[in-house]
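Engineer: Below is the structure I would like to discuss, written out as structure tokens.
The values are calculated or read from the model by the stated rules, or taken from the named source; none is laboratory data. The structure presented is a predicted model; accordingly, all values stated were derived computationally and were not measured. We place every Cβ from the backbone using ideal geometry, glycine too, and count neighbours over all the protein chains shown.
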């Protein structure tokens, strides 16, 4: 490396001289007749000082001068750059030769010769040297990265230079034409004409020097690239040498630390042996010192392991990064063949598993936390014993009884000092180890980031690359011999012995075998149990959702025996200690076959007659027969195909299964395509009966889109596999099967949700009918009047079960549709690079603060779509969720209407608030950005929206404080009625005439309100009765009290009272006061009491007074009286 130092110094001196020489040469490169910058600057000064021109003319003239001055400066810069390029090209060969000579192996000194350290160098000096080398290495890496960046720029420069050369040449010709053309404005002053000429001349010269500079740059580019490559190689050589020196220093430091730790441990153990049998305080301290010495020694050993792990991570990161860059460069070149896909697929298989990094990070975080706690303990103890004398005095108190006190004190002093030194060493070792752990964590994060990025890159590009040759007849003919060779190399003769060893001695296998046998033996009993539950379904008194859950469990047990046995066998063959490639391939295929058989056999069991789908889901029998038949035909071709494909891939992973896997895909997907064709046929399929119902319009509107796609997609995957795109077919087939199973799960979830809704609706309707029957029976027993005029005005609103069920069914459909979209996106997003294009369309940026630093985060078109989904989801939940809550609260908690209304309304508010926050957060809105809008809204509220906000806040107070509730009978102002709705702005009150009145919420909070049923439903009835003069008052009062006591609705406490209130004009006034326990009974009780009073007064001969008037005739004048006889039609006058 010493030979490189003169080269570097000479390069720096040459660069400084070249800069000054380029500037001088640039001045001489311009034409002598060209105007100079000094002349133009003097003209600018004259124009600014001139008084005979208008300000506009002066501005235009100065602008022209400045353009000419700018062009002149550009010409100088271009000439200087051209000179620099030329001189670099002239001197590059010599510098390249010098660098290459210095890098020759025979001229390079050994990297460790410059290392001024050996085994006798103190540890602090070694650590300082290591830190210096690390800093130099960081700087060298930065310089190498700069060279790489400049080389990448030079790689792209020819195209840009050629384009700019063409543009500059055309612009120079245009400037030359303008110079040769006569001046169009003859009225222009000579000063302006001269300025225009200077602009054109300097522009022409600037463009000329630019073309010269670009040509020089293009011609010198190869030499400059070679020079940059040589300088990069020089930096790489320096980096390699620094790495070796750092490694050597690390070994020396590690050796020193381990030696010191081992020596400290030996000394501590020797001290412990010497103190054994002495005072307990000394023994305790010696034991603590020995334990801490062992901890430090162990930590020192682990430091070396961390260094080795970090070095391995660094090498793996460099390898993955190099593979990534090579793959990107190769794909960008467009010159690829079939082998590239195979190579990239192998690299994809060798990428590290991110889950292992996550587990390592969790363990590392736990270890860091433990080290921090131990450091805390060490620091606390170090502070406690920092004062040696005070520590000795404190500990000496326990040594007073010994005769040899001074000797023990001296021994204790040595122990305390030794403990102090060990604590310092432990803290330093812990600090180093923590630093190593954090460095290892950063290295793993960098490796994980690079591996994840490379995996995503491969995932986007591998589907479009052929990774195998197209299948041919020769491949099919040669497949048996290839299969025999692979089976022979995989130890096929030893497979039976291995299976016997793995299976016969495994309790899990025998338990699985016994369980499968028991389930097969009890199959008919399980089916009978399912059929025994069928008569209970559909009856309100016996139907329960738990029956459906139990039948679902029994149905899964019917399908369980064979998948259970295959899964246990495959797991044992895969996980066994002596497993081979062949046994692992067979085990993997058995596991996949078990999974597919479990799903298909369960679906067939669900479709059994009088089973889950027929009785509980009410699916048509014709559809169930079709599904049973088609699933039976599909099971074994698909299971055999799955076994073949996964066995072939496990046996020949490098070629993704080869020809055998392709034929397996052909068998499986051919059968699956036929199954989908028959099951979803537009006229004979399982969905044909839904066309007329209109339940799922979206399904049938898109029928012509998804039906051919579903049938043709498996065949497309087979074609891709046969043509060599095996990875594409395998990856997309897995996604396609996930999609099918996801849709099956959605269908079953929808059926279970509708089943729950059906059971709930039937139960609620039955409970409502029974409640009505009990009410009718109670009314008949009490012989109450059937006339209930006005009574419904006070009853709590009845639950419209049909409307709630329809709304809940709509919510289920919307949730099903939303779940379908979300699930399909999650399944297909990793395989459809087109979906990621929305994340590349940046709409705007937002500024966020991360760890105290501001960063810019882009808001993309994908963010806008996500915000739209949030908004739609919020709207759907706010619109449909209340009906579902109403059913749940009514069924599970038996809440009153007012309480249910409060819960549902507050839920809507919460849903809207959360949805709004999600939308704003997704779009990048922060409080710091909308606070001015909030301030403006506050001003608007203060002036124009205060009433609306007041009503909204009042509505919240009403919902929380509940001064009124839905169903309460209230009086506000001159309006009496029942509260029917409490909305954001106003509350709806229905009066006794059935008219609805909207009252602003503010009126209930700030005004006077009479709530007849707020805290106590008990209300008083006052009946005024007038009896004729001369009637027996005491008897009438007794009859009134008797009528009140006989009425079942009248409360005994407070007791009814009757008073003789007044002597009226026409009657003696009596008042009956009594109480009923509910506002709902008010009208019916008043009617019943009036009827009873009337009957009792009639029986007693007491007349209820009515208004009477005396008629006095004026007899001063004669009266004319006329008597008419209607029969005779005659008149007699007197």
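Engineer: Can you name the number of the only condition in (1) within 30 Å of residue 276 (Cβ to Cβ); (2) modelled with pLDDT under 85; (3) surrounded by fewer than 18 Cβ atoms within 10 Å (Cβ to Cβ) that residue 456 fails?
Structural biologist: Unmet condition: (1).
Engineer: Working only within segment 572-600, note down all residues that are over 28 Å from residue 533 (Cβ atoms), part of a helix (DSSP H, G or I) and in contact (Cβ under 8 Å) with a residue 60 or more places away in the chain.
Structural biologist: Once the filter is applied, which keeps residues that are over 28 Å from residue 533 (Cβ atoms), part of a helix (DSSP H, G or I) and in contact (Cβ under 8 Å) with a residue 60 or more places away in the chain, segment 572-600 yields 572, 573, 581, 582, 583, 584, 585, 586, 588, 589.
Results for (1) in contact with a strand residue (DSSP E or B) (Cβ under 8 Å, 6 or more places away or on another chain); (2) surrounded by 15 or more Cβ atoms within 10 Å (Cβ to Cβ); (3) at pLDDT 75 or above; (4) not in a helix (DSSP H, G or I), shown as yes or no for each residue.
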position	(1), (2), (3), (4)
340	no, yes, yes, no
343	no, yes, yes, no
352	no, yes, yes, yes
359	no, no, yes, no
369	no, no, yes, no
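Engineer: So, residue 331, is that one surrounded by fewer than 19 Cβ atoms within 10 Å (Cβ to Cβ) and touching a helix residue (DSSP H, G or I) at 6+ places or on another chain (Cβ under 8 Å) or not?
Structural biologist: Values: surrounded by fewer than 19 Cβ atoms within 10 Å (Cβ to Cβ): yes; touching a helix residue (DSSP H, G or I) at 6+ places or on another chain (Cβ under 8 Å): yes.
Taking the combined requirement at face value, the residue satisfies it.
Engineer: List every residue pair whose Cβ atoms lie under 8 Å apart, where the two residues are 6 or more positions apart in sequence or sit on different chains, the first residue falls within segment 546-561 and is in the same structural domain as residue 527 (by TED's automatic domain parsing), and the second residue, located anywhere, is assigned to a loop (DSSP other than H, G, I, E, B).
Structural biologist: 547/537; 551/611; 555/608; 555/611; 558/608
Engineer: In this structure, does residue 461 turn out to be part of a helix (DSSP H, G or I) and either at pLDDT below 80 or farther than 27 Å from residue 318 by Cα (or both)?
Structural biologist: yes
Engineer: Taking residue 412 as the residue in question, decide whether it is over 46 Å from the mean Cα position of the chain (by Cα), in contact (Cβ under 8 Å) with a residue 60 or more places away in the chain and not assigned by TED's automatic domain parsing to the domain that holds residue 651.
Structural biologist: Values: over 46 Å from the mean Cα position of the chain (by Cα): yes; in contact (Cβ under 8 Å) with a residue 60 or more places away in the chain: yes; not assigned by TED's automatic domain parsing to the domain that holds residue 651: yes.
Yes, satisfied.
Engineer: For segment 999-1029, how many residues are at pLDDT 80 or above and either over 14 Å from residue 1088 (Cα atoms) or under 60 Å from the mean Cα position of the chain (by Cα) (or both)? Break it down stepwise before answering.
Structural biologist: First, the residues of segment 999-1029 that are at pLDDT 80 or above: 1021-1029.
Retained after the next criterion (residues that are either over 14 Å from residue 1088 (Cα atoms) or under 60 Å from the mean Cα position of the chain (by Cα) (or both)): 1024-1029.
Counting residues in segment 999-1029 that are at pLDDT 80 or above and either over 14 Å from residue 1088 (Cα atoms) or under 60 Å from the mean Cα position of the chain (by Cα) (or both) gives 6.
Engineer: Quick test for you: out of 642, 686, pick the one residue that is touching a residue at least 24 places away in the same chain (Cβ under 8 Å), surrounded by 18 or more Cβ atoms within 10 Å (Cβ to Cβ), within 37 Å of the chain's Cα centre (by Cα) and not in a helix (DSSP H, G or I). Talk me through it step by step, then tell me what you get.
Structural biologist: Working: 642 fails: not in a helix (DSSP H, G or I).
Of 642, 686, the one residue that is touching a residue at least 24 places away in the same chain (Cβ under 8 Å), surrounded by 18 or more Cβ atoms within 10 Å (Cβ to Cβ), within 37 Å of the chain's Cα centre (by Cα) and not in a helix (DSSP H, G or I) is 686.
Engineer: Under 6 Å between Cβ atoms, at least 6 apart or on separate chains: pull out the pairs that start in segment 724-740 with a residue that is closer than 14 Å to residue 672 by Cα and end on any residue that is surrounded by 21 or more Cβ atoms within 10 Å (Cβ to Cβ) and at pLDDT 85 or above.
Structural biologist: 733/717
Engineer: I need every pair where a residue in segment 601-613 that is farther than 18 Å from residue 633 by Cα and outside the structural domain of residue 634 (by TED's automatic domain parsing) has its Cβ under 6 Å from the Cβ of a residue that is crowded, with 23+ Cβ neighbours inside 10 Å and modelled with pLDDT under 85, sequence separation at least 6 or different chains.
Structural biologist: Every condition considered, no pair remains.
Engineer: Say whether the condition of being farther than 30 Å from residue 257 by Cα and modelled with pLDDT of 80 or more is met by at least one residue in segment 128-141.
Structural biologist: Checked against the condition, which is being farther than 30 Å from residue 257 by Cα and modelled with pLDDT of 80 or more, segment 128-141 yields no hits at all.
Engineer: Considering only residues that are outside any helix (DSSP H, G or I) and touching a helix residue (DSSP H, G or I) at 6+ places or on another chain (Cβ under 9 Å), look in segment 115-142 and name the one that is farthest from residue 234 (Cα to Cα).
Structural biologist: 122
Engineer: For the structure I just gave you, tell me whether residue 637 is in contact with a helix residue (DSSP H, G or I) (Cβ under 6 Å, 6 or more places away or on another chain) and without any contact (Cβ under 8 Å) to a residue 40 or more places away in the chain.
Structural biologist: The answer is yes for residue 637.
Engineer: State whether one or more residues within segment 502-524 are surrounded by 16 or more Cβ atoms within 10 Å (Cβ to Cβ), farther than 30 Å from residue 575 by Cβ and in contact (Cβ under 8 Å) with a residue 60 or more places away in the chain.
Structural biologist: Checked against the condition, which is being surrounded by 16 or more Cβ atoms within 10 Å (Cβ to Cβ), farther than 30 Å from residue 575 by Cβ and in contact (Cβ under 8 Å) with a residue 60 or more places away in the chain, segment 502-524 yields no hits at all.
Engineer: Oh, and also: Considering each residue of segment 1049-1079, count those that are loosely packed, with under 13 Cβ neighbours inside 10 Å and in contact with a helix residue (DSSP H, G or I) (Cβ under 7 Å, 6 or more places away or on another chain), and give that number.
Structural biologist: Within segment 1049-1079, residues that are loosely packed, with under 13 Cβ neighbours inside 10 Å and in contact with a helix residue (DSSP H, G or I) (Cβ under 7 Å, 6 or more places away or on another chain) number 0.
Engineer: Only one residue in 287, 291 is assigned by TED's automatic domain parsing to the domain that holds residue 430, more than 22 Å from residue 124 (Cα to Cα) and within 51 Å of the chain's Cα centre (by Cα), so which one is that?
Structural biologist: 291
Engineer: With segment 479-560 as the region, which helices (runs of 4 or more DSSP H) entirely inside it contain at least 1 residues that are under 44 Å from the mean Cα position of the chain (by Cα), modelled with pLDDT under 85 and more than 29 Å from residue 618 (Cα to Cα)?
Structural biologist: Filter on segment 479-560 gives 495-504.
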